[in-house]
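Take a look at the structure below.
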Amino acid sequence: MKPKPKPHQSKPAAVAQTDWGGVADWYDQHVGDAGSEYHRQVVLPGAVRLLALKAGDRALDLACGQGVLCRLLASKGVEMTGVDAAAELIRAAKQRQTPDAPRIDYHVADARDVEFLPADHFNAVACLLAIQNMHPLGPVFTGVARVLRPGGALVIVMMHPAFRGPKETSWGWDESQRVQYRRVDRYLLPRKTPIVTHPGKEPGKYTWTFHKPIESYVKSLRNAGMLIDAIEEWPSHKKSTSGPRAAAENVAREEIPMFMAMRAVKVSAT
């Protein structure tokens, strides 16, 4: 029998909120049932491959948004649980749940506090394009390690922290060499940066993204009893087909990754 989650207790109000609930309607329309273009072409195929789940396995989608990954894996027979801090996004996820689709358990909860979920329960946990909105990392990874079965895996996909830091990295063009390059102004020191959550329409709405160097993720996972067994760096799928810079743009896209994926395995009791 599937263990029932414990009643969830809300975290203290003093803990900063960095969810996307304030733009849930826009986000739901943007992502839709199957995900954005980047989800469909790059993020979801790579994440599903790294998760390596089979029908009957149990998986948790941490910061699940409006349920794109949950729906995809549930359609493959995986027993899915989705958690997100934004009640508005969980509401959207439930509204997209059709009566004839496999049941998905959705919960409004902070990724830093998943004590209401049963221990040693999930074969895998996923966190897609959300880890950089979470701080600190320690409670997130400690909670993941507790709910994973021994040998279970956490798969994280994020914007590449070395090349895609908001306001600290950008594209540049060297006219003399006919080369497009990625400029990196800052990388090593942790920082938080406000990012607009609804670009082009409501510039006053923003949340925080927390930049951390790769070593911070490695150390936090190690401290939680997790061992990284895979790191992959994924480029954009887009191609330039016209214009004098098209060839250089395509080389830059292929050489400078847009996303980084990590898989970490639970190797010790927590």
Quick count over region 89-123, residues being under 18 Å from the mean Cα position of the chain (by Cα), open to solvent by 40 Å² or more (accessible area, probe 1.4 Å) and among the aliphatic types (A, V, I, L, M), is 1
Sole miss for residue 231 among (1) without any contact (Cβ under 8 Å) to a residue 60 or more places away in the chain; (2) assigned to a helix (DSSP H, G or I); (3) open to solvent by 50 Å² or more (accessible area, probe 1.4 Å) is condition (2)
Of the candidates 46, 67, the one satisfying the condition of being in contact with a Phe, Trp or Tyr (Cβ under 8 Å, 6 or more places away or on another chain) and buried (at least 24 other Cβ atoms within 10 Å of the Cβ) is 67
For residue 86, the lone unmet condition from (1) open to solvent by 10 Å² or more (accessible area, probe 1.4 Å); (2) out of contact with any strand residue (DSSP E or B) (no Cβ under 7 Å at 6 or more places or on another chain) is (1)
Checked 163, 210 against criteria (surrounded by 12 or more Cβ atoms within 10 Å (Cβ to Cβ) and more than 16 Å from the chain's Cα centre (by Cα)); the one match is 163
Within region 39-83, residues being touching a strand residue (DSSP E or B) at 6+ places or on another chain (Cβ under 8 Å) and hydroxyl-bearing (Ser, Thr, Tyr) number 1
Selection over region 175-197 where residues are without any contact (Cβ under 8 Å) to a residue 40 or more places away in the chain and either in contact with a Ser or Thr (Cβ under 7 Å, 6 or more places away or on another chain) or open to solvent by 50 Å² or more (accessible area, probe 1.4 Å) (or both) yields a count of 14
Within region 124-148, restricting to residues that are of a type outside the set (Gly, Ala, Ser), closer than 22 Å to residue 36 by Cα and outside any strand (DSSP E or B), the one that is least open to solvent (accessible area, probe 1.4 Å) is 131
Can you spot a residue in region 24-38 that is aliphatic (A, V, I, L, M) and surrounded by fewer than 17 Cβ atoms within 10 Å (Cβ to Cβ)? yes
When restricted to 67, 56, 77, 82, the only residue in contact with a helix residue (DSSP H, G or I) (Cβ under 9 Å, 6 or more places away or on another chain), on the phi > 0 side of the Ramachandran plot and not polar (S, T, N, Q) is 67
- Look at residue 151 and say whether it is out of contact with any strand residue (DSSP E or B) (no Cβ under 9 Å at 6 or more places or on another chain), closer than 30 Å to residue 72 by Cβ and loosely packed, with under 15 Cβ neighbours inside 10 Å. no
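The values are calculated or read from the model by the stated rules, or taken from the named source; none is laboratory data. Note that this is a predicted model, so its numbers are computed, not measured. Neighbour counts are summed over all protein chains in view; Cβ atoms, including those assigned to glycine, are modelled from backbone coordinates with ideal geometry. The area values use the complete protein model at the heavy-atom level, side chains included, leaving out ligands, DNA and RNA. Shrake-Rupley method; radii C 1.70, N 1.55, O 1.52, S 1.80 Å.
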